[in-house]
Amino acid sequence: MESVLSALTHPKTNSEFFEAYENNAPFVVHGLNVTISELTSLPFLESLEVLLKSWPDLIQAHLPDVRDEASSIDTTPKDAKKLFDNGMGLLFNHANKISPVLTNWLEELRLNLGLSALTNGRCLIYASPEGGGTAAHFDQNINFVLQISGTKRWWIAPNLHVANPMTRHTMGLPCDPELESYLETPMPECMPTDINPIELKAGSLLFVPRGSWHSTEAMSDAISLNFTFTAPTWIDLFTAALRGRLAQSSQWRATADGVSDFSRHAKAQQKFDFLLAGLIEDLPNWRAADILGATETD
């Protein structure tokens, strides 16, 4: 049986996909049919009406002021249809929780990509009314978009403002303080000029590179299924292993007191320096294989 990644990238090859992936470039295929039939035959993807009747939870509706999840409300399936008819896009979060098929595809795709066991993977279903879409933004995650019905246009541009962002950002909204701390240039007010326009129809698959600027507009009522992975960075793997290592020490587990008391600050600083000296002495013994052995349980 072919891999999930092969099913999503047919008739192109996995090598072609990974070339785009490693260059942080968009990857597109059109005309998927047989290889994704297990997905397209899912009953709740038949139409928006069926999806709304099948959905057991609240739905996120994107308000018209920003047209983005940064400005949204949670609503019931009953009220969601009214909001959709009034031009608001809908987001059905964690669709994998209602479908073993999606759960299996999501997990196998994670393994095909070689992502850490600590990755947060989820399936999202977007329902976009004609003329609706999302404002320009970039995501910190890895995203595969499978167009189920309708036509949707995407505009994608490389992000020259920050490499490998760890936080999502919508153009024109306030910047996350940590994200702002490592910006290479100030955030733009409009999409960059080197835009790559892409049109997705039913059976199209788009890989959206992490951190790439993008905006969308539905040319007709449209439904798309996303496989989204928020994968740990090397920072996350290291700090997860570091916490596990330090947790074995009663001295590191001690309460960090005196740090805000001027009369005891010097003593607290001395204690912290002692702990850091021990860590510095220990670090040369660390190896990547040991850290990955602790984080990658599968």
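The values are calculated or read from the model by the stated rules, or taken from the named source; none is laboratory data. These figures come from a predicted structure and were not determined experimentally. Virtual Cβ from ideal backbone geometry, glycine too; neighbours counted across all protein chains shown.
A few comments on the model shown:
- Residues that are among the aliphatic types (A, V, I, L, M) number at least 3 in the following helices (runs of 4 or more DSSP H) confined to segment 1-116: 4-9, 48-54, 100-113.
- Of all residue pairs spaced 6 or more apart or on separate chains, those with beta-carbon atoms under 6 Å, a first member in segment 239-255 that is in contact (Cβ under 8 Å) with a residue 60 or more places away in the chain and a second member that is surrounded by 10 or more Cβ atoms within 10 Å (Cβ to Cβ) are 240/295.
- In this entry, residue 97 passes the filter for residues that are basic (Lys, Arg), farther than 20 Å from residue 138 by Cα and modelled with pLDDT of 95 or more.
- The set of residues from segment 125-152 being more than 27 Å from residue 187 (Cα to Cα) and either in contact with a Ser or Thr (Cβ under 6 Å, 6 or more places away or on another chain) or among the aliphatic types (A, V, I, L, M) (or both) comprises 125, 127, 130, 146, 147, 148, 150, 151.
- Scan of segment 64-91 for residues that are closer than 17 Å to residue 221 by Cα and of a type in the set (A, V, I, L, M), ordered by number: 80, 83, 88, 90, 91
- Some residue of segment 49-57 being over 18 Å from residue 148 (Cβ atoms) and loosely packed, with under 15 Cβ neighbours inside 10 Å: yes
- Residue satisfying condition, being surrounded by fewer than 16 Cβ atoms within 10 Å (Cβ to Cβ), not charged (D, E, K, R) and not assigned by TED's automatic domain parsing to the domain that holds residue 240, within set 61, 80, 70, 117: 117
- Only a single item in (1) touching a helix residue (DSSP H, G or I) at 6+ places or on another chain (Cβ under 8 Å); (2) within 19 Å of residue 148 (Cα to Cα) is not met by residue 80, and it is number (2).
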